[in-house]
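The values are calculated or read from the model by the stated rules, or taken from the named source; none is laboratory data. Please read these numbers as outputs of a predicted model, since none were measured by experiment. Note: ideal-geometry Cβ built from the backbone for every residue, glycine included; neighbour counts use all protein chains shown. Note: accessible area is taken over every heavy atom of the protein model, side chains too, but ligands, DNA and RNA are not part of it. Shrake-Rupley method; radii C 1.70, N 1.55, O 1.52, S 1.80 Å.
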Amino acid sequence: MTNSPSAAAAAAAVLLLASSARSFAPPARSSSAPSARVPPNHFSSALVDSPPSLAASERAASSRDEDLELTRQIIMDHVRKMGLDDEGVEVDEDLLPSHNPDPADYPANDLMIRAALGRGDVERTPVWLFRQAGRHLPEYRAYKEETGRSFLDMLSHPEDVAECTLQPLRRYDVDAAILFSDILVIAEAMNVEVTMPGGVGIQVPCPLAGPADAKERLPSKEDLDADFVRDRLGHVMESVRLIRSKMREEGISVPLIGFSAAPWTLLFYMVGGSSKRNQHIGMEWLRNEPGASKELMDALTTVVIEYLSQQVENGAHMLQLFEAMGMMIEPAEFETYALPCLAKIASELKGRYPDVPLMAFARGASYANEALSKLGYDVVTIDGSVDRSAARDVAGGRAGLQGNYDPRELIAENGKTVDTVRETARELLEALGPQRLIANLGEGLGGKESPELVKAFVDAIHGESERMIREGS
């Protein structure tokens, strides 16, 4: 994507300015708010969102806002026709996804997309974090207390989902947002109750007792189509749309990542009920009920495909698939049951959306990364167990890498400092190289991490990778 502003953008700015007496300055943030990333300038959002400076302007605001919005829409329609994004910046048409070639919907910061798809070298290594939104952030804890809602309750309120998704982007210079959600929303949609009582992790209090119970309680595979997702998971899609809208309002132009749990992970919880107890039940299902297990995995594969597809249709730029319980399945069963599902998901999604990066994380099953890299996944994630020196050979140039920084390095109580974070971030880049890499963690943030150290990691990845690329090292 080029950075040269066009004459059309300048003309658009003049027309908009003439339509309003408002300032180009973005609205002031409260002094108590966390430090925000410096967003790209969006003349349209700045003008629409800036407060009027005079009381007389307030009285006339309604009609003038309507005129301004109409003017903006006319200008942006013209800008799109000229192949520009909503900042008036020229966009390389080869980068635009085939399912949605509107440059206004393509993020100004597309480092993550380019790194994931391997479309040339990047100027710095992109970075985001598993669980970057959530309990390690003081603003998240304050917001959660203010709403009086539990984590699972917030997921049913799109305004809560949007707020929590955007909180880390205001504090850190991360290169992507990820939908604030949970891996078991599909299980809930399929009539399996999910709870989070606190202190014991996520639980399924009434897991499936057997194949007969599954047939009685779960929807049939024939019903697990796009209409099912729209009906049972429509609140998630509303959240995706609201996040994109809020990002535009706040001038944040990075990719939004949609995600889902993978079929084995869903089955594991649906039949076992917990990641801490009854861990053997998932494997028992596979070995004792092979036919029923394949049938359930096939049904879950179908709904995962439709769920992720709907996230793209509603505004997600990238997709992440979490096989979060990879450590709870033996390699032979992974190959027999999990891998065919992952292959079908990749084949179907890349067939529908070839330009949408598809990332996979088989946590605790890194032995599967080579196979995943051959299935069409653009990025494979390496967890903390992976030898960095061999990671590139495993991917074989077929896929990019994501990971695998140790989140324990971000806990001040462990004796970690900004200096130690910078050093370990540099080690990550030196071992994996700055290109075709998305810097991330080998495990999600757990809640004890220091925001200061998280920021130091993000900034160190950007700064050190820029230096390495500039120096050709």
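Summary table below
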quantity: Hits in the range 327-343 (condition: closer than 15 Å to LYS294 by Cβ and either touching a Ser or Thr at 6+ places or on another chain (Cβ under 7 Å) or outside any helix (DSSP H, G or I) (or both)); calculated: ILE329, TYR337, CYS341
quantity: Tally of residues being open to solvent by 10 Å² or more (accessible area, probe 1.4 Å), more than 18 Å from VAL240 (Cβ to Cβ) and part of a loop (DSSP other than H, G, I, E, B) across the range 163-193; calculated: 3
quantity: Pairs, first free of Cβ contacts under 8 Å to residues at least 24 places away in the same chain in the range 273-289, second surrounded by 18 or more Cβ atoms within 10 Å (Cβ to Cβ), C-beta under 6 Å, six or more apart; calculated: TRP285/VAL271; TRP285/SER293
quantity: Index of the failed condition, ALA360 passing every other in (1) more than 30 Å from LEU242 (Cβ to Cβ); (2) open to solvent by less than 40 Å² (accessible area, probe 1.4 Å); (3) touching a Leu at 6+ places or on another chain (Cβ under 6 Å); calculated: (1)
quantity: Check on ALA142, under 28 Å from ARG352 (Cβ atoms) and aliphatic (A, V, I, L, M); calculated: no
quantity: From VAL271, VAL254, residue being at pLDDT 95 or above and within 26 Å of the chain's Cα centre (by Cα); calculated: VAL254
quantity: The range 225-257 - residue that is small (Gly, Ala, Ser) and more than 17 Å from ALA187 (Cα to Cα) and, of those, most open to solvent (accessible area, probe 1.4 Å); calculated: SER245
quantity: Residues that are within 19 Å of LEU233 (Cβ to Cβ) and of a type outside the set (Asp, Glu), drawn from the range 151-172; calculated: PHE151, LEU152, MET154, LEU155, SER156, HIS157, PRO158, VAL161, ALA162, CYS164, THR165
quantity: Subset tally (residues that are under 22 Å from PRO168 (Cα atoms) and in a loop (DSSP other than H, G, I, E, B)) for the range 241-279; calculated: 6
quantity: Residue check for GLY376: open to solvent by 30 Å² or more (accessible area, probe 1.4 Å), touching a helix residue (DSSP H, G or I) at 6+ places or on another chain (Cβ under 6 Å) and within 20 Å of MET112 (Cβ to Cβ); calculated: yes
quantity: Count of the range 279-323 residues which are open to solvent by less than 10 Å² (accessible area, probe 1.4 Å) and among the polar types (S, T, N, Q); calculated: 5
quantity: Enumeration of residues in the range 435-449 that are open to solvent by less than 10 Å² (accessible area, probe 1.4 Å) and in contact with a helix residue (DSSP H, G or I) (Cβ under 9 Å, 6 or more places away or on another chain); calculated: LEU437, ILE438, ALA439, LEU441, GLY442, LEU445
quantity: Total residues in the range 388-409, condition under 15 Å from ASP378 (Cα atoms) and open to solvent by less than 50 Å² (accessible area, probe 1.4 Å); calculated: 8
quantity: Residue, farthest from SER274 (Cα to Cα), within the range 207-219, restricted to residues that are touching a residue at least 24 places away in the same chain (Cβ under 8 Å) and outside any helix (DSSP H, G or I); calculated: PRO219
quantity: Condition met for VAL204 (modelled with pLDDT under 95 and open to solvent by 10 Å² or more (accessible area, probe 1.4 Å)); calculated: no
